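> My structure is below; once you've seen it, I'll send some questions.
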Amino acid sequence: MRKRIISLMLAALMLGLTGANAAGAQDEAGSITSATAVGAAASKTAYVSKMEILLDGEVVKPAGYLISQGAVGAYTYFKLRDIAYLMKDKECKFGVDFKKGTILLTRGADYIADGSEMKAIKGGNQKTVASSIPVLIDGKQAEMEAFIINGFTYYKLRDIGENLGFEVDYRNQSQQGVMKTPDYVEPEPEPENPNKPDENEKPDNTDKPSNNEKPDNTDKPDNTDKPDNTDKPGNTDKPDNTDKPDDPENPDKPDEPEGPDLTAHLDGVLTVLIDVGHGGTDNGSDGIAPKDFTNYKGKEIKEGDEIYEKDFNLPVALYLRDMLKASGVTVHMVRDSDKTIDLIDRKDIIESYAETADLCFSVHHNAFNSNAVGFEVLAQVQYKDGGDGKDFGAIIEKHYFSNKRVRHRPTVFREGQNGDYYGILRYAANVGMLAVISEYAFIDNTEDVLCVLTDEGLRAEAQAMHDSIMEYFSTHEY
């Protein structure tokens with residue numbers, strides 16, 4: 001019985017749920033982390049986050065880490081107790097408890113502090129491994145990505161927000177994280193609008209009747225009162241008003257997700273935007289080379305060396321670009337060299353091709369716990385019950401199977417608080433663009449990664465992507 005009590009206490013220390021003697025506890029819990037997690041999973045690097053965090057417009061200072069993980073780049077991770085402490089007086093407050101190896105979160109409950117909150121963390125880069133400790137929110141299993149660092153568990157800020165009812169966003173080139181609770185009313189940006197009235201004060205815009213009277217659509221009763229515009233079936237039934245590519249540009253401008261049929265992009269030119277995951281200072285997922293090989297840069301990689309996702313994403317994307325161009329496809333690249341492009345820039349690039357690109361294809365390679373294998377396709381949540389995204393996902397899977405790849409899990413349609421959980425898919429969906437994320441192999445698995453260690457393997461992956469795209473658009477308009 002005494003052993004069971006001790007093991008539970010140590011597990012609680014690992015989670016960062018008790019922290020009265022943080023220094024000693026971390027050492028003790030760290031040894032357990034090494035025994036239970038490091039042996040089962042390839043480690044990642046966690047960087048101390050220097051991001052400014054705003055909670056309802058005020059600067060707060062929870063200590064966190066930046067970890068490159070998943071298909072959409074690096075994320076910030078924080079301890080649950082720190083976030084619960086910050087939310088203790090908010091509408092979305094929640095309680096934190098730990099019982100029988102499970103974290104229990106209760107929405108609306110008062111948070112009871114234990115003294116471990118808002119403590120400074122160890123400086124410098126830290127090694128981390130994924131945590132698989134279950135989290136229950138109001139008694140129901142929650143999907144929350146977490147990593148163990150120096151004996152404490154850190155959770156992705158977006159996951160915490162989406163599960164516990166507050167909004168998370170990033171601004172200023174991802175240098176500022178913003179948390180907004182439901183009861184927070186953001187002040188109107190009044191100082192900025194009144195400063196621009198130079199244009200409104202110009203007599204040309206306000207006094208000249210020629211400019212004010214021209215808006216025939218708003219002032220002339222002909223456009224509002226005449227039954228010709230509203231009642232005549234000729235104006236509602238004519239395909240000229242709905243099918244011409246000139247008109248669908250207007251519904252696209254509000255960025256409303258009304259156009260999953262992508263009618264605004266129907267110009268007869270197949271255009272693909274290739275999003276190349278990570279790059280530059282953002283390595284993406286990592287693993288250990290299972291044998292000697294030469295990477296796409298011609299660099300000799302020795303068995304046991306660390307390998308990075310970015311060094312597989314780029315060569316596959318470049319091969320895919322060349323194959324698509326050879327098939328007459330217009331191709332744009334988010335990046336075509338090993339450079340850093342953050343999520344905000346990726347969002348801007350996707351939006352810049354909103355009216356021309358028929359597809360955003362995002363190239364990634366996975367990592368999880370060193371045991372997971374196979375490919376997976378991430379598709380937009382609006383197609384979870386059928387339609388373009390589900391059709392395309394099935395075609396991709398078919399071609400990956402043809403490469404003798406196994407499937408990790410069926411096409412994923414994961415929903416977040418503001419639409420798609422994955423940023424790239426969400427940005428594309430917001431402008432009515434079809435998008436998928438391809439995770440071809442787990443590079444932290446010594447067997448699974450073998451399929452992309454050779455040039456032949458990289459080309460085979462790109463060929464499967466090319467064939468999937470061409471097959472899909474052979475039966476779908478563009």
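> Return only the number of the condition from (1) open to solvent by less than 50 Å² (accessible area, probe 1.4 Å); (2) more than 19 Å from the chain's Cα centre (by Cα); (3) at positive phi that residue 397 does not satisfy.
Only one criterion in (1) open to solvent by less than 50 Å² (accessible area, probe 1.4 Å); (2) more than 19 Å from the chain's Cα centre (by Cα); (3) at positive phi is unmet by residue 397, namely (3).
> For a quick check of your reading: which helices (runs of 4 or more DSSP H) sit entirely within the range 1-102 and have at least 3 residues that are among the hydrophobic types (A, V, I, L, M, F, W, C) and either on the phi > 0 side of the Ramachandran plot or at pLDDT 90 or above (or both)?
Working: elements: 2-15, 22-33, 80-86.
So the answer is 80-86.
> Of the residues 350, 341, which is open to solvent by less than 20 Å² (accessible area, probe 1.4 Å) and either touching a residue at least 24 places away in the same chain (Cβ under 8 Å) or on the phi > 0 side of the Ramachandran plot (or both)? Before you say what the answer is, go through the steps one by one.
Values: 341 fails: open to solvent by less than 20 Å² (accessible area, probe 1.4 Å).
From the options 350, 341, the qualifying one is 350.
> Of 355, 351, which residue is among the acidic types (Asp, Glu) and not in a loop (DSSP other than H, G, I, E, B)?
Details: 355 fails: not in a loop (DSSP other than H, G, I, E, B).
When all the criteria are applied, what remains is 351.
> Mind listing just one residue for me: the one in the range 164-176 that is farther than 15 Å from residue 82 by Cα, not hydroxyl-bearing (Ser, Thr, Tyr) and not in a loop (DSSP other than H, G, I, E, B) and, of those, least open to solvent (accessible area, probe 1.4 Å)? Please lay out each step first, then the result.
If we filter the range 164-176 for residues that are farther than 15 Å from residue 82 by Cα, which is where we start, we get 165, 167-176.
Within this subset, residues satisfying the condition of being not hydroxyl-bearing (Ser, Thr, Tyr) are 165, 167-169, 171-173, 175-176.
The next check asks that each one be not in a loop (DSSP other than H, G, I, E, B); those that pass are 167-169, 171, 176.
Working: 167: 64, 168: 10, 169: 62, 171: 81, 176: 25 Å².
Here the residue is 168.
> Next question. Hey, does the range 312-324 have a residue that's within 30 Å of residue 125 (Cα to Cα) and open to solvent by 50 Å² or more (accessible area, probe 1.4 Å)?
Among the residues of the range 312-324, not one is within 30 Å of residue 125 (Cα to Cα) and open to solvent by 50 Å² or more (accessible area, probe 1.4 Å), which makes the answer no.
> Mind checking whether some residue in the range 151-163 is surrounded by 12 or more Cβ atoms within 10 Å (Cβ to Cβ), modelled with pLDDT of 90 or more and more than 30 Å from residue 346 (Cβ to Cβ)?
Within the range 151-163, one or more residues are surrounded by 12 or more Cβ atoms within 10 Å (Cβ to Cβ), modelled with pLDDT of 90 or more and more than 30 Å from residue 346 (Cβ to Cβ).
> Tell me, which residue of the range 111-150 that is under 21 Å from the mean Cα position of the chain (by Cα) and not in a strand (DSSP E or B) is surrounded by the most Cβ atoms within 10 Å (Cβ to Cβ)?
131
The values are calculated or read from the model by the stated rules, or taken from the named source; none is laboratory data. All figures in this text were calculated on a predicted structure; none of them were measured in a lab. Please note: Cβ atoms are built from the backbone with ideal geometry, for glycine as well, and neighbour counts cover all protein chains shown. Only protein heavy atoms, including side chains, enter the accessible area calculation; ligands, DNA and RNA are left aside. Shrake-Rupley method; radii C 1.70, N 1.55, O 1.52, S 1.80 Å.
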